[in-house]
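First the structure, in the form of structure tokens, and then the observations on it.
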Amino acid sequence: MGNGTVSAHRPAWLTGARLASLRRWVAAPDGGSSTTTAIAPFDALPTAAVPACTAGDVAAAVTRARTAQEHWAELSYGARAAVVLRFHDLLVERQDEVLDLIQWEMGKARFHAWQEVLLLGTVARHYARHGQAYLKDRVVRPAVPVVTRARELRIPKGVVGIVSPWNYPLYLGAGDLIPALLAGNTAVSKADEQTPLTLLWARALLAEAGLPENVWQVVSGDGPAIGTALVDAVDYVCFTGSTATGRIVAERAARRLIGTSLELGGKNPLIVRADADLDLAARGTAEAAFANSGQMCIHIERVIVHTDVYDAFTGALLAATSGQRLGQGIGFGYDVGPLAGQAQLDRVSAHVRDAVAKGATVLAGGRARPDIGPYAYQPTVLAGVTDDMDVCLGETFGPVVALHRVADDAAAVAAANRGRHGLSASIFSGDIAGAEAMARRIRSGAVNINDGAGLAIGTVEAPMGGRGDSGLGRRHGAEGIRKYTDAQTVAVSRLGPVGPPPGRPAESFVALGNRQLKLLRRLGIR
């Protein structure tokens, strides 16, 4: 990538002036004294330099956000929602630009880039319309009926720090932001070094929708340095990334006694029961295993198949896999794009080499395709995977899926629950009630039935998150916005302090209280 050559796939609309208009949203004084440049997956050449922030830049951004938060929180929910709804409309109208950026920076197929627009638009509309109901004051039973009353309020955390990954830079970067802003917080986001322009594009669009400048700020640069500075300054952290980094974030936040939401890695299973429609199961498996080139935390890496249908399902899956078109470039026309970079290619290649060396069989794919692009890797199906292989329970995060044969449903559940991850799972079955009963036994934050991966995360009214090593907290639903608030109880007495009246013995007050406890118990009142 030397000699100053720049990626030839840069979108035509991204002129020098447009690029400068995006860079201005990096929270670095005077554009920063240094820059960082990502490598485009399509040709392994530089994309565009963006300012690299320092720890001091991060601290200054949080200070500005803290100053802006008070006024932002004083606005009505409707006023904040109006900004988000304008953003929604602009996103739909201008989506071709951000689709180009996502493809250029991250390499995914355009359909999968469009799914980010779909998810973000759905999240924005949902919380703009329903978030106020999630946050409304709640009247609760008071300590002393009649003479006291009590309410539970939701109070903004203050300044939220958001650390989002490169694999879904628009949806995860802005999707976690929207409910934080609507709850009355301001935010500082760390853009991933691979995909900063996508997040800056979203920031510029929100500015056009009417978001004040310091309500959301973006910092970019070295992850460990500025990520640490962010955790050390904000009031709450929303992190999406690896389990190893998530532990570091959680430990550092715990020292400051601030809350965190962590969506981390996964080694997600898909179960094919004996009564499944095998063609549907094969199509769902291929889509869930190879979408986004396998670079999504909820994608399927383990397929657990009942022995009675194992051979027939394997044939159907290989046919579905052969139909996945591997390619690259801006635009539609292929189903699986390249991996995001050399590190991903190295990891995927190493997992497959290790498996083959230890006896696994490659049924499809299994190699890089440099003739297509520098980081292209074939959709791969493995059989005969054993515990001593890295691919068995280690997250591959690429277009690789392993088949496992089981004798019955009990063995399928046991296989699905192996390992310490618990993010997403899927079941294909003709017996919906039976699959729902099985889902309760699977240690996973979400279970899709007769769908590979996207159904649960697309249901934005329901929470989505992990168990075990897959994280803490949830996005979407009521919890997805309430996590950005603290509960505050406001209790009111109409008669002053509750307790024995002046001049009356405490014993009489105790006797009265005991009679009340017994009466309420008899009446079944909590």
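Descriptive notes on the structure:
Residues checked against (1) touching a Pro at 6+ places or on another chain (Cβ under 6 Å); (2) crowded, with 19+ Cβ neighbours inside 10 Å; (3) of a type in the set (Phe, Trp, Tyr); (4) farther than 27 Å from residue 464 by Cβ:
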| site | (1), (2), (3), (4) |
| --- | --- |
| 244 | no, no, no, no |
| 249 | no, yes, no, no |
| 256 | no, no, no, no |
| 265 | no, yes, no, no |
| 268 | no, yes, no, no |
| 288 | no, yes, no, no |
| 319 | no, no, no, yes |
| 340 | yes, yes, no, no |
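- Selected residue (criterion: surrounded by the most Cβ atoms within 10 Å (Cβ to Cβ)) from residues of region 488-513 that are under 50 Å from the mean Cα position of the chain (by Cα) and without any contact (Cβ under 8 Å) to a residue 60 or more places away in the chain: 513
- Test: residue in region 185-200 that is of a type in the set (Asp, Glu), over 21 Å from residue 247 (Cα atoms) and open to solvent by 10 Å² or more (accessible area, probe 1.4 Å): no
- So residue 12, is it at pLDDT 95 or above, assigned to a strand (DSSP E or B) and within 30 Å of residue 372 (Cβ to Cβ): no
- For region 317-350, a residue qualifies if it is touching a Ser or Thr at 6+ places or on another chain (Cβ under 9 Å) and part of a helix (DSSP H, G or I), and the qualifying residues are 317, 320, 321, 344, 347, 348.
- Considering 234, 215, the condition of being β-branched (Val, Ile, Thr) and either in contact with a Ser or Thr (Cβ under 6 Å, 6 or more places away or on another chain) or more than 30 Å from residue 487 (Cβ to Cβ) (or both) is satisfied by 215 alone.
- Residue in region 36-49 that is assigned to a helix (DSSP H, G or I), in contact with a Lys or Arg (Cβ under 9 Å, 6 or more places away or on another chain) and at pLDDT 95 or above present: no
- Of all residues making up region 421-455, the number that are within 13 Å of residue 281 (Cβ to Cβ) and out of contact with any helix residue (DSSP H, G or I) (no Cβ under 8 Å at 6 or more places or on another chain): 2
- Looking across region 264-276, the residues that are in a loop (DSSP other than H, G, I, E, B) and either touching a strand residue (DSSP E or B) at 6+ places or on another chain (Cβ under 7 Å) or within 21 Å of residue 177 (Cα to Cα) (or both) come down to 264, 265, 266, 267, 273, 274, 276.
- The conditions of being touching a Lys or Arg at 6+ places or on another chain (Cβ under 7 Å) and either open to solvent by less than 10 Å² (accessible area, probe 1.4 Å) or farther than 19 Å from residue 228 by Cα (or both) are met by residue 181.
- Applying a threshold of 6 Å to beta carbon distances and a minimum spacing of six or more residues, or different chains, the list of pairs starting in region 182-209 at a residue that is touching a residue at least 40 places away in the same chain (Cβ under 8 Å) and ending at one that is open to solvent by 10 Å² or more (accessible area, probe 1.4 Å) and basic (Lys, Arg) reads 182/80; 185/157; 209/86.
- The strands (runs of 3 or more DSSP E) found entirely in region 64-175 that carry 2 or more residues being surrounded by fewer than 18 Cβ atoms within 10 Å (Cβ to Cβ) and at pLDDT 95 or above are 138-140, 148-156.
- Taking the criterion of being hydroxyl-bearing (Ser, Thr, Tyr) and closer than 17 Å to residue 265 by Cβ, the residues of region 427-471 that qualify are 444, 470.
- The set of residues in region 449-463 that are free of Cβ contacts under 8 Å to residues at least 60 places away in the same chain and not aliphatic (A, V, I, L, M) comprises 459, 463.
- Selected residue (criterion: farthest from residue 327 (Cα to Cα)) from residues of region 40-59 that are open to solvent by 40 Å² or more (accessible area, probe 1.4 Å) and aliphatic (A, V, I, L, M): 59
- Qualifying residue in region 72-81 (condition: among the hydroxyl-bearing types (Ser, Thr, Tyr), within 21 Å of residue 191 (Cα to Cα) and out of contact with any Ser or Thr (no Cβ under 8 Å at 6 or more places or on another chain)): no
- Which listed residue is farther than 16 Å from residue 106 by Cα, modelled with pLDDT of 95 or more, surrounded by 20 or more Cβ atoms within 10 Å (Cβ to Cβ) and out of contact with any Pro (no Cβ under 9 Å at 6 or more places or on another chain), from 355, 350: 355
- Condition met for residue 210 (of a type in the set (Gly, Ala, Ser) and open to solvent by less than 20 Å² (accessible area, probe 1.4 Å)): no
- Look at region 298-313: where a residue is touching a residue at least 24 places away in the same chain (Cβ under 8 Å) and a partner is of a type in the set (Ser, Thr, Tyr), sitting 6+ places away or on another chain with Cβ atoms under 7 Å, you get 298/424; 300/285; 300/426; 301/396; 303/285.
The values are calculated or read from the model by the stated rules, or taken from the named source; none is laboratory data. Because the structure is a prediction, the values reported are computed rather than measured. No Cβ is skipped: glycine too gets one built from the backbone with ideal geometry, and neighbour counts run over all protein chains shown. Just the protein is used for accessible areas: all its heavy atoms, side chains included, with ligands, DNA and RNA removed. Shrake-Rupley method; radii C 1.70, N 1.55, O 1.52, S 1.80 Å.
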